[in-house]
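The values are calculated or read from the model by the stated rules, or taken from the named source; none is laboratory data. Quantities reported herein were computed from a predicted structural model and do not represent experimental measurements. Reconstructed Cβ throughout: ideal geometry from the backbone, glycine too, with neighbour counts over all protein chains shown. Keep in mind that these areas ignore ligands, DNA and RNA; they rest on the heavy atoms of the full protein, side chains included. Shrake-Rupley method; radii C 1.70, N 1.55, O 1.52, S 1.80 Å.
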Amino acid sequence: MQNAPTQSSRLREVAGLFLKLGITAFGGPAAHIAMMHEEVVVRRKWLSDEEFLDLLGATNLIPGPNSTEMAIHLSFLRAGLPGLIVGGASFILPAMLIVGVLAWAYVQFGALPQAELILYGVKPVAVGIIAGALLNLGKKAVKGPLTAVVGALVVVLSFLGLNEIALLLLGGVIVMVAKNITRLRGGSITSFLLPLVGLGAAASAAATFSLQRLFFAFLKIGSVLYGSGYVLLAFLRTDLVINYGWLTNQQLIDAVAIGQITPGPVFTTATFIGYLLGDVPGALLATLGIFLPSFIFVALSNPIIPKIRQSAWVSGLLDGVNVAALGLMVVVTWALGQAALIDPLAVAIAVASFVLLVRYRVNSTWLIVGGALLGLARLLF
């Protein structure tokens, strides 16, 4: 009989696996999770399909990046609390280092004509990719008239300036209450929606930059963000572009483009932005701030998630949060499109990227490479 693996061997297993995935996992959260399934269920048989799906459902109950939290959950189950730290860090580290190098190059060479031409082609591709993600997520998030109305309400209120965290909570509470009250007692959904139309939130004043404020800005985002990593853009734009005035829309979409051409979690966009704002210390603190809540939430929720995820109330809350996140994505896609789609060729690149992604399932990394080559081709003409 084969001896059971020791704790140290389990730690080496999770470190090796998630370091490899952190280097090779291109294509976004769905692709990352598919690769994890192949590795831990099919090849290594660490757990069953049913157990894997339970963990996947668990990631939707807590804020943060789904694929990163999936890596942390799997590492926790395989090697306990030390595994949680080692596996999660191994998945994040390669992307953080790659993005950090690209951020340095962006700061050093981003103003050169050649670099500007590359970004000219990459930015509309990023808009097309986000629009494709918006379409795919919308098919899952909009589950009926109630969620459709809430999503539309969030779009309107976001354009009017309501805080994005308030909108996520608002969407979650509306759907949770409406679904369960109408289910149990019968009632009008409209009665839950109308009193909320007048809610608003004042925008924060522009803030002087500091490393401490940068860390807490990303810590807040990592603590409250539900849904795809693309929803991150709405939070970043609200805090760093609109409220604090630390970034421009152009810089934000450049950060998105960089995040698309690197493997691993999309949330390492924080590394890029942190470097732009605060050099190496800023990159490290922004990365730590945005990922730290995921480690804490997984450690706290893993033992109890299987019991609470069946709750009809929790299910309703998540439906509302997900469709609210979709509404925020609509608003930020509109804003980024205005910054990137500056002429007919840029519009054509965005449309082509969208079609290739949605219709032909072309990997987003190849789309980014193609956009960069088209940008360079302009140099010849």
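The candidates 35, 329, arranged from most to least accessible area with a 1.4 Å probe in the full protein assembly, appear as 35, 329.
Site pair residue 358 and residue 148 shows an inter-label distance of 1.7 nm when each label is modelled 7 Å from Cα along Cα→Cβ.
Which of the DSSP-defined H helices in the chain satisfy a minimum axial length of 18 Å, computed from C-alpha atoms, and a minimum mean Kyte-Doolittle hydropathy of 0.0?
Details: long enough: 7-24 (26 Å, 0.31); 66-109 (44 Å, 1.27); 113-141 (41 Å, 0.89); 145-159 (21 Å, 2.35); 164-184 (30 Å, 1.60); 211-224 (20 Å, 1.23); 269-301 (34 Å, 1.62); 312-340 (41 Å, 1.43); 344-360 (23 Å, 2.03); 364-377 (20 Å, 1.71).
Span-like helices in the chain: 7-24, 66-109, 113-141, 145-159, 164-184, 211-224, 269-301, 312-340, 344-360, 364-377.
Ranking 334, 313, 46 by solvent-accessible area of protein heavy atoms (1.4 Å probe, all protein chains present), from largest to smallest, gives 334, 313, 46.
Got a sec? Which residues in the range 247-266 would a label at residue 280 touch, if it sits 7 Å along Cα→Cβ and we count backbone N under 12 Å? Taking a point 7 Å out along Cα→Cβ of residue 280, no residue of the range 247-266 has its backbone N under 12 Å.
Mind checking which lysines have their C-alpha under 29 Å from residue 123, skipping anything on the same chain fewer than 8 residues away? Residue 123 reaches 20, 139, 140, 220. With 10 Å bins beginning at zero, the pair-distance distribution over Cα atoms of the range 305-356 amounts to 21, 29, 22, 18, 11, 1 %. At an R0 of 35 angstrom, the distance between the Cβ atoms of residue 39 and residue 108 translates into a FRET efficiency of 0.45. At R0 = 45 Å, how high is the FRET efficiency between residue 136 and residue 7 if r is their beta carbon distance? Nearest 0.05 is fine. Plugging the Cβ-Cβ distance into 1/(1 + (r/R0)^6) gives 0.70.
Judged by the mean number of other Cβ atoms found within 10 Å, the most tightly packed of the peptides 298-304, 149-155 leads the ranking 149-155, 298-304.
Return the carbon/sulfur percentage of the accessible area of the chain, one whole number, probe 1.4 Å, all protein chains in place.
Working: 11530 of 16950 Å².
Using a 1.4 Å probe with all protein chains present, the chain comes out at 68 percent carbon and sulfur.
Taking R0 as 45 Å, what's the FRET efficiency between residue 299 and residue 342 from their Cβ-Cβ distance, rounded to 0.05? If you can, show how the numbers build up before the last one.
Numbers: r = 45 Å, r/R0 = 1.01.
Computed FRET efficiency for residue 299 and residue 342 comes out at 0.50.
Modelled this way, with points 7 Å down the Cα-to-C-beta line, the labels at residue 180 and residue 314 are 1.2 nm from one another. Taking a ≥ b ≥ c as the square roots of the Cα gyration tensor eigenvalues, with a/c under 1.5 meaning rounded and otherwise prolate when a/b beats b/c, else oblate, which class fits the range 80-166? It comes out oblate by the Cα gyration axes. The packing ranking of peptides 86-96, 162-172, highest mean first, is 86-96, 162-172, where packing means the average number of other beta carbon atoms within 10 angstrom of each residue. Residues whose amide H lies under 5 Å from that of residue 163, counting only those 5 or more places away or on a different chain, are 201; hydrogens are built 1.01 Å from N in the peptide plane.
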